[in-house]
């Protein structure tokens, strides 16, 4: 009987990762408002597995599925969105030769901030040698009077493969809230072999300075960026992607090879359906033409 109890304790014991040796030092008042999620994926034979996972509510680790040899995970925020003063931090590592497909459960809602303190989101991704990361995120929706700071840092090896797509909506435009948020500070960094290869940074305060001008958002309500890194990229692939996306009615798009191994795409649309169609088409075409992994499109 004693041996059974010992075996049960061992089964319930947390793995001996560094994070499990740290005590949760959050004050009770910050639980649910300051949260972090850590994931480490490793290659095991022909498959990729989640070797380490840690999450604090409202962040949650869902079931990790196998998708054509890759690990497929949906990152979940179980709360109603992100509120003033909240901080969500994501740290994800893709190990040597591992293949990972990530997406979000739904669009992230940023609620009004009556106080000066903004909501904060920090994402850090590390892709080791020979690793592959395919990440496609639903748009962020800043409500009227919202304040948000979001930062994405992608650090990848020179021979790794990356597909990244994030998106932003102007707000709940159907309710007359287009560009009615207070502030939005955005930064997207891509480091390849420790070298800064792409930097996208902007600060929006549409209530004091309109972003609806001709050389800003114009009439667009939906915006997206896509990054594609692959050792075998060439200019003709960027041209092929550009022609496919630019032909979709209701979407303004540009896709270009900015370096020998890096393609950048920018999308803008007035309405949601053509915007979603363009993002889906860009991802599928990239998986077909560039990465030759057409099956890496997860289903929610």
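Laid out as a table, the results:
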item: Structure-derived volume of the Cα convex hull per residue in Å³: which label, when the choices are [x] 121; [y] 153; [z] 138; result: [y]
item: Inter-part distance where segment 62-109 and segment 114-135 are each reduced to a Cα centre, Å; result: 10
item: Residues residue 202 and residue 277, FRET efficiency given R0 of 22 Å [Cβ-Cβ distance, rounded to 0.05]; result: 0.30
item: Most fluctuating residue given options 261, 228, 169, as computed from a GNM of the chain linking Cα atoms under 10 Å; result: 261
item: Estimated FRET transfer efficiency when R0 is 30 angstrom, pair residue 78-residue 270 (beta carbons, to 0.05); result: 0.40
item: Estimated 222 nm signal from helices in the chain, with DSSP H stretches of n ≥ 4 weighted -39500 (n - 2.57), rounded to 500; result: -4500 deg cm²/dmol
item: Ranked packing of 211-217, 94-100, 171-177, most packed first, by mean Cβ within 10 Å; result: 94-100, 171-177, 211-217
item: Kirkwood hydrodynamic radius of segment 62-118, from inverse mean 1/r over distinct Cα pairs, in Å; result: 13.7
item: Computed E for residue 36/residue 289 - FRET, C-beta separation, R0 35 angstrom, nearest 0.05; result: 0.45
item: Separation of the residue 117 and residue 210 label points, Cα + 7 Å toward Cβ, nm; result: 3.5
item: Label point distance in nm, residue 174-residue 60, each placed 7 Å from Cα along Cα→Cβ; result: 2.5
item: Mean Cβ count within 10 Å, highest first, over the residues of peptides 78-87, 194-203; result: 78-87, 194-203
item: Antiparallel bridges, percent of DSSP beta bridges restricted to segment 34-289 (to nearest 5); result: 45
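No lab work stands behind these numbers, since they all come straight from the coordinates. In this text, all values refer to a predicted model and were calculated from it rather than measured experimentally. Methodologically, a virtual Cβ is constructed for each residue, glycine included, from the backbone with ideal geometry; neighbour enumeration extends over all protein chains shown.
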